[in-house]
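Visitor: The structure that follows is given in the form of structure tokens.
Each reported figure results from applying straightforward, stated rules to the coordinates on display, with no laboratory input. Keep in mind that what you see is a predicted model, and the values were worked out from it rather than measured. Positions of Cβ are generated from backbone atoms using ideal geometry, with glycine treated the same way; all protein chains shown enter the neighbour counts.
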Amino acid sequence: MKFFIDTANLNEIKEAYDLGVLDGVTTNPSLMAKEGIAGKEKVMAHYKAICNIVDNNVSAEVIATDFEGIIKEGKELAKIDDKIVVKVPMIKDGIKAIKKFSSEGIRTNCTLVFSPGQAILAAKAGASYLSPFIGRLDDISQDGLEFIAQVRLIYDNYGFGTEILAASIRHSMHVIKCAEIGADVVTCPLSVITALLNHPLTDSGLAKFLADHKKLTRKNSRFKIRN
Ligand code: G3P
């Protein structure tokens, strides 16, 4: 299972990368706006800065929604670095653009995916990654994880090569369940990645080990002084 971080914040990306478990980064226009990155030059430079931190897979999303615009913007993004994956929304012109990108060897991430029909179209068009948004489905009382399982089944039935990149992940159980279902990738905020480290029995167990070690060290040092 690949681990991506879902942020445009350079410090968070560095922190996750330093853990040694990061396989990539996903961004979107909202995440870029959160960092105050606006204007073509600044956006391009920011993507380059992200590429300089990680080894591969930096999803950079197009803003255009018409075929020609998506192609132009996607090609500009792809030129920034070989690590760039062009993120394209699940719309009619997006599917046409994904087909063209895939025929030209440009990797794509089809985003804003909420139904199995959309997942089939993205795979048929040759998307490298499919981003189903689990949390946003949960928000409207639809089961996001059930959707991931449906897509897994469909892709396995036909041997589609598109990787399932579970997105809009809100907590660590989403990650565990995605791993059980067999999502190829999860993209999470840093807080979800670090939450995976935690268990109260680990904390109490470590505290006890260290306390016992300290007691023994004190006992030994008293013994040495007296003798
Ligand atoms: O990768 C897509 C993701 O950023 C959406 O997450 O939390 O805004 O639903 P969220």
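Visitor: Run the numbers on region 2-196 and let me know its relative contact order in percent, using alpha-carbon pairs under 8 Å that are six or more apart.
Guide: 18 percent.
Visitor: Dipole size in debye (nearest 20) for the chain around its Cα centre, Lys and Arg Cβ +1, Asp and Glu Cβ -1?
Guide: Once rounded to the nearest 20, the dipole reads 1240 debye.
Visitor: Can you tell me the orientation of helix 40-53 relative to the chain, as the angle in degrees between its alpha-carbon axis and the longest Cα principal axis, to the nearest 10?
Guide: Approximately 40 degrees, to the nearest ten.
Visitor: Using a 7 Å offset from the Cα along the Cα-to-Cβ direction at both Leu196 and Leu10, what is the distance between the two label points in nm, to one decimal?
Guide: 2.6
Visitor: On to the next question. Compute the Cα gyration tensor for region 2-196, then decide on rounded, prolate or oblate, letting a ≥ b ≥ c be the square roots of its eigenvalues: rounded whenever a/c is under 1.5, prolate when a/b is larger than b/c in the other cases, and oblate in all that remain.
Guide: Oblate.
Visitor: Give the angle, between 0 and 90 degrees and rounded to the nearest 10, that separates the Cα long axis of helix 172-181 from the longest principal axis of the Cα atoms of the chain.
Guide: Here the helix axis deviates by roughly 60 degrees.
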